[in-house]
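Taking it in order: structure first as structure tokens, then the write-up.
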Amino acid sequence: MTDERIGEDLWSAVAALPRGSGIVFRHFATEPTARSAIYDRVAKIARQRRLMLIRRDLARQPIRLGHAHSIREGIAARRAGAEAILVSPVHPTRTHPGARPLGVLRATRIARAVGLPAIALGGMNAVRFKRLERLGFVGWAAIDGLTPRLARDR
């Protein structure tokens, strides 16, 4: 997931993604012209590396993502047409400082109850995903966890 906090580390993070990965382009606070320029650059890299790219502000997205902080929100997302859900925050995250994380067990309960492909978000990295993958999660998303400098500082 992209975010303004990444800054220039965005490019090394995108370059480090394995083929078949995806990018959720956000950059909501960026001025529209600059946001479009960043998106165009990310899109070019995504095409070259065969990465999925979702721009969160467009009506037509390759996959309809829902958000779930609870079973109720997840079920509402499914009923609204979501094809996959972002379950968050699994672990403490800088995006929502002070927010109570779900933890692995509660996040897993949400994912299983909703019955859609579940993507873990919130304090995630590759090591943490290995456990969640065994519990049924199909993927993980991150901002800091994909940025080498920020992942090191965790």
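Any read-out appearing in this document is the output of simple, stated calculations on the displayed coordinates, not a laboratory observation. On a predicted model such as this, the values are computed, not experimentally measured, just so you know. Don't worry about glycine lacking a Cβ; one is built from the backbone with ideal geometry, like all the others, and counts go over all protein chains shown.
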No solvent, one uniform scatterer per C-alpha: report log10 I(q)/I(0) for the chain via the Debye equation at q = 0.09, 0.10, 0.20 1/Å, two decimals. -0.27, -0.34, -1.38
Output the relative contact order of the stretch 1-60, whole-number percent, from Cα pairs under 8 angstrom with separation of 6+ residues. 42 percent
Note on the chain: contact order normalised by length, alpha-carbon pairs under 8 Å, 6 or more apart, percent, works out to 20 percent
Which of Gly122, Gly22, Gly103 moves most in a GNM of the chain, Cα contacts under 10 Å? Gly103
Would you mind pulling out the separation of the Cα centroids of the stretch 10-36 and the stretch 108-144, in Å? 20 Å
Viscosity 1.002 mPa s, temperature 20 °C: what is the translational diffusion coefficient of the stretch 1-60 from Stokes-Einstein with a Kirkwood Rh over Cα pairs, rounded to a whole number of µm²/s? 184 µm²/s
Final fewest-first order of Val87, Val104, Val114 on the 10 Å Cβ neighbour count is Val104, Val114, Val87
For the stretch 63-141, what is the largest minus smallest coordinate of the Cα atoms on each principal axis, given in angstrom and ordered from greatest to least? 29, 27, 22
